[in-house]
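In what follows, a structure is listed as structure tokens, so that the remarks can point back to it.
The values are calculated or read from the model by the stated rules, or taken from the named source; none is laboratory data. As the structure is a prediction and not an experimental result, all values here were calculated from the model. Methodologically, a virtual Cβ is constructed for each residue, glycine included, from the backbone with ideal geometry; neighbour enumeration extends over all protein chains shown.
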Amino acid sequence: MSPNYTAEITVAATSQEAYDAILRVPDWWGRITGTTTAVGDEFVYVVPGLHYSGFRVTELEPGCRVAWLVTGSHLDFVSDTQEWTGTTVAFDISPAADGTGTTVVFAHEGLTPEVECYEVCTNAWSMFVTGSLKSLIETGAGQPYDFDGTEALTSDDHEDLHRGVREALASGADGGAAAAGRGA
């Protein structure tokens with residue numbers, strides 16, 4: 001299998017500033033429901049009609065590492081709509097080799113050239129990590145995805161999405177996740 005997708009940025013900031021910015025997911029990626037600041041926290045990212053992903057925070061090492069397990073997903077634009085489910089998104093943070101800033105290495109473990117969404121997903125991750133997140137760290141302002149409408153998720157919506165994915169995974173079918181992804 002090919003290597004996982006990675007992207008690397010070097011920023012004019014401390015490792016702690018980079019870490020703090022990564023945890024501010026709505027400020028560089030887009031609207032979420034849930035929280036990202038403690039191990040075990042869960043959050044949902046949805047682009048209505050296109051993409052749902054549920055995440056559980058699995059690692060937080062201040063100034064060093066952030067990792068999230070994808071607990072459920074639905075990508076409307078590929079045949080295996082749950083391609084992301086069970087993958088891990090990680091950020092490894094360290095002082096830059098030249099000593100003038102911080103390096104952030106982003107990896108989506110499980111996102112390899114063999115998966116159908118690879119091209120679309122890596123293009124999107126590149127835009128968010130090398131553009132929006134980098135800008136947020138360095139200037140305090142990212143360029144998160146913003147869509148028109150009032151599709152804000154309530155806590156009940158968040159739980160319904162997670163329940164639908166759990167049910168789909170338990171049954172081995174995609175129907176629940178598809179319904180969860182479209183219901184947002």
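This table checks each residue for (1) assigned to a strand (DSSP E or B); (2) among the basic types (Lys, Arg).
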site: Thr37; (1), (2): no, no
site: Tyr52; (1), (2): yes, no
site: Arg56; (1), (2): yes, yes
site: Leu69; (1), (2): yes, no
site: Asp80; (1), (2): no, no
site: Thr100; (1), (2): no, no
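Look at Arg24 and say whether it is within 15 Å of Leu133 (Cα to Cα), crowded, with 16+ Cβ neighbours inside 10 Å, under 15 Å from the mean Cα position of the chain (by Cα) and at pLDDT 95 or above.
Taking the combined requirement at face value, the residue satisfies it.
With respect to the conditions (1) more than 22 Å from Ile137 (Cα to Cα); (2) crowded, with 20+ Cβ neighbours inside 10 Å; (3) out of contact with any strand residue (DSSP E or B) (no Cβ under 8 Å at 6 or more places or on another chain), Glu114 falls short on a single one, namely (2).
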